[in-house]
Amino acid sequence: MKIVVIGGTGLVGSKVVELLTGQGHDAVAAAPNTGVNTLTGEGLAEALDGADVVVDVSNSPSFEAAAVLEFFRTSTTNLLTAEQRAGVGHHVALSVVGTDRLAESGYFRAKIAQEQLITESPVPYSIVHATQFFEFLKGITDEATHDGVVSLAPVHIQPMAARDVSAAVAEVAAGPPLNGVVEIAGPERFRLDELVRTALAATHDPREVRADPGARYFGAVLGEDTLVPADDARRGPTTLAEWQAAQPSR
């Protein structure tokens, strides 16, 4: 199959392309640096010519509420329109576990809008909801840091390695449309504050982590299980310790 991966040169997308190519598919990395721009439409028709599946793992360059909403609305609309014209039979999108429970956050409101466009489109689809990546722990920590103190709600989180996310997305892309959502997560569950405390210790980061039940997560208040999937979620194999051991020494 010809499978076009939007965001195919990024952290997850590049691995998805590699995995699908290794399985014998014609996997195409589509991104602005390869001449495909979903915001302007540049290169879309050419990239999707003959495509059976489109995988969207792209992300907004800005997390500011208005900018991220504009990104996902425009990009997804352009993409789905081009897919209909090209006769694409399966649209796969990467989203986030708990998106529908995080509407206070501008970023997650944009993801909700993206998912609504997908479900209302006539293109058959699969949405992959992943928990947060280990690779994003630094961004979560920095967002929660004020005056050198990291304030985080002591809620459950079940993070996973980006390579496991890529493997799950590639598996879904190679299969039939689900016309629904599949959840994926890591093999271990932590408290968010404990997870970040462990991650900071591993990199000798001296910041203090404080458990604060009222701390917001990218603008949203968290419940005990907002960030974790249902019990039947697919599990990636990589543990936090395994992922940490594979990181370049600092």
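Summing Lys and Arg as +1 and Asp and Glu as -1 over all other residues whose Cβ lies under 12 Å from the Cβ of Glu83 gives a net charge of -2.
Summing charges over all other residues whose Cβ lies under 11 Å from the Cβ of Leu102, with Lys and Arg as +1 and Asp and Glu as -1, gives +2. Compared with the dominant principal axis of the Cα atoms in the chain, helix 162-173 is inclined by about 30°.
The chain: D in µm²/s via Stokes-Einstein (Kirkwood Rh, Cα pairs, 37 °C, 0.692 mPa s)? Calculated translational D: 176 µm²/s. What is the distance in Å between the Cα centres of the stretch 201-226 and the stretch 144-182? One Cα centre to the other: 16 Å. Can you give the Kirkwood hydrodynamic radius for the stretch 100-156, in Å, rounded to one decimal and based on Cα pairs? Mean inverse Cα-Cα distance, inverted, gives 13.9 Å. Against the chain, whose longest principal axis is taken from its Cα atoms, helix 106-120 shows a tilt of about 30°.
Thinking of the stretch 1-73 as a set of Cα atoms, what percent of all their pairs are more than 19 Å apart? For the stretch 1-73, the share of Cα pairs beyond 19 Å comes to 34 percent. On the stretch 154-250, 51 percent of the accessible area sits on carbon and sulfur atoms, based on a 1.4 Å probe. Taking the C-alpha atoms only, the angle from helix 13-22 to the longest principal axis of the chain is near 60 degrees.
The residues of the chain have, on average, 45 Å² of accessible surface per residue, using a 1.4 Å probe with all protein chains present. In order along the stretch 198-212, phi translates into HN-Hα couplings of 5, 5, 5, 5, 5, 9, 6, 8, x, 4, 7, 10, 10, 7, 9 Hz, rounded to whole numbers, per the Karplus curve 6.51 cos²θ - 1.76 cosθ + 1.60 with θ = phi - 60° and x for Gly and Pro.
Loop-resident GluC sites (Glu not before Pro) (DSSP state other than H, G, I, E or B) in the stretch 1-101 with no more than 14 further Cβ atoms inside 10 Å of their Cβ: Glu42, Glu64.
Computed about its Cα centre, the charge dipole of the chain is approximately 200 debye, with only Lys, Arg, Asp and Glu carrying charge at their Cβ. Beta bridges from DSSP with both residues in the chain: antiparallel share about 15 percent, rounded to the nearest 5.
As an equivalent ellipsoid, the stretch 181-232 spans semi-axes of 23, 16, 9 angstrom, where each value is the square root of five times an eigenvalue of the C-alpha gyration tensor, largest first.
Of the solvent-accessible surface of the stretch 61-121, computed with a 1.4 Å probe and all protein chains present, 51% belongs to carbon and sulfur.
Calculated on the alpha-carbon coordinates, the convex hull of the stretch 123-234 measures out at 110 cubic angstrom per residue. For Phe133, the residues 5 or more places off, or on other chains, whose built amide H falls under 5 Å of its own are Met160.
With contacts taken as Cα pairs under 8 Å at a separation of at least 6 residues, the chain carries a relative contact order of 19 percent.
The GNM of the chain, with springs linking C-alpha atoms under 10 angstrom apart, assigns the highest mean-square fluctuation among Val172, Val149, Val53 to Val149. Restricting attention to the stretch 114-235, close to 35% of DSSP beta bridges with both partner residues there are antiparallel.
Taking every Cα-Cα distance in the stretch 43-125 and sorting them into 10 Å bins starting at zero, the pair-distance distribution P(r) comes out as 18, 50, 26, 5 percent.
Determine the calculated [θ] at 222 nm for the chain from helices alone, applying -39500 (n - 2.57) to every DSSP H run no shorter than 4 residues and normalising by the residue count; nearest 500 deg cm²/dmol. Result for the chain: -11000 deg cm²/dmol, rounded to the nearest 500.
The values are calculated or read from the model by the stated rules, or taken from the named source; none is laboratory data. For clarity, every value in this text was computed on a predicted model and none was experimentally measured. All Cβ positions, glycine included, derive from the backbone under ideal geometry; neighbour counts span all protein chains shown. Keep in mind that these areas ignore ligands, DNA and RNA; they rest on the heavy atoms of the full protein, side chains included. Shrake-Rupley method; radii C 1.70, N 1.55, O 1.52, S 1.80 Å.
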